[in-house]
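Inspection log for the structure reproduced underneath, given as structure tokens.
The values are calculated or read from the model by the stated rules, or taken from the named source; none is laboratory data. Computed from a predicted structure; not experimentally measured. Note: ideal-geometry Cβ built from the backbone for every residue, glycine included; neighbour counts use all protein chains shown. Just so you know, the surface numbers come from the protein's heavy atoms only, side chains and all, with ligands and any DNA or RNA stripped out. Shrake-Rupley method; radii C 1.70, N 1.55, O 1.52, S 1.80 Å.
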Amino acid sequence: QVQVVESGGGLVQTGGSLRLSCTVSWSNFIFYTMEWYRAAPGKERELVAQISSDESEFYVDAVKGRFTISRDNTKKTALLQMNNLKVEDTAVYYCNRIPEPVRWGQGTQVTVSS
């Protein structure tokens with residue numbers, strides 16, 4: 001059964017912006033740290049950002065200052081605002097939770113062209 005649904009990806013030029021959404025199906029959303037991952041073509045999935053239940057944020061160096069993770073506990077949604085996109089941001093983006101990660105969703109494709 002599907003527990004996460006990612007959306008919001010698309011094709012943009014360098015310098016553009018996208019906002020990704022991850023809507024979850026479980027009830028106790030507020031108790032989990034939410035994470036965004038990405039898998040670039042031919043590469044393994046890697047962590048991009050995470051946000052805890054108290055809204056503490058973490059970002060990998062490659063996206064600091066450009067991406068912002070947030071959460072809407074009422075809508076049970078984790079968001080990733082992506083600004084000043086670069087070609088190297090091209091990847092399929094996925095979300096998951098800590099602890100007790102769920103099965104990976106299908107992700108949402110982000111393609112950045114120069």
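In the full protein assembly as shown, how much of T74 is accessible to a 1.4 Å probe, in Å² to the nearest 10?
The accessible area comes out at roughly 130 Å².
Leaving out ligands, DNA and RNA, and with a 1.4 Å probe, what % of the accessible surface on the chain is carbon or sulfur?
47
In square angstrom, rounded to the nearest 10, how much accessible surface does S25 have for a 1.4 Å probe?
70
Rounded, prolate or oblate: pick one for segment 23-65, where a ≥ b ≥ c are the square roots of the eigenvalues of its C-alpha gyration tensor, a/c under 1.5 means rounded, and failing that, prolate if a/b is larger than b/c, else oblate.
Here segment 23-65 falls in the oblate category.
If you roll a 1.4 Å probe over the heavy atoms of the protein chains, what accessible area per residue do you get for the chain, in Å²?
Values: 6230 Å² over 114 residues.
For the chain, the per-residue accessible area is 55 Å².
Could you check which residue among E100, E46, E88 shows the biggest mean-square fluctuation in a GNM of the chain with a 10 Å Cα cutoff?
E100
When only alpha-carbon atoms count, how far does the chain stretch along each of its three principal axes, as whole angstroms with the largest first?
41, 28, 22
Would you rank T14, T111 by solvent-accessible area, highest first, keeping every protein chain in place and using a 1.4 Å probe?
The most accessible residue leads, giving T14, T111.
If the label point is 7 Å along Cα→Cβ of Q13, which residues in segment 42-85 have backbone nitrogen under 19 Å from it?
82-85
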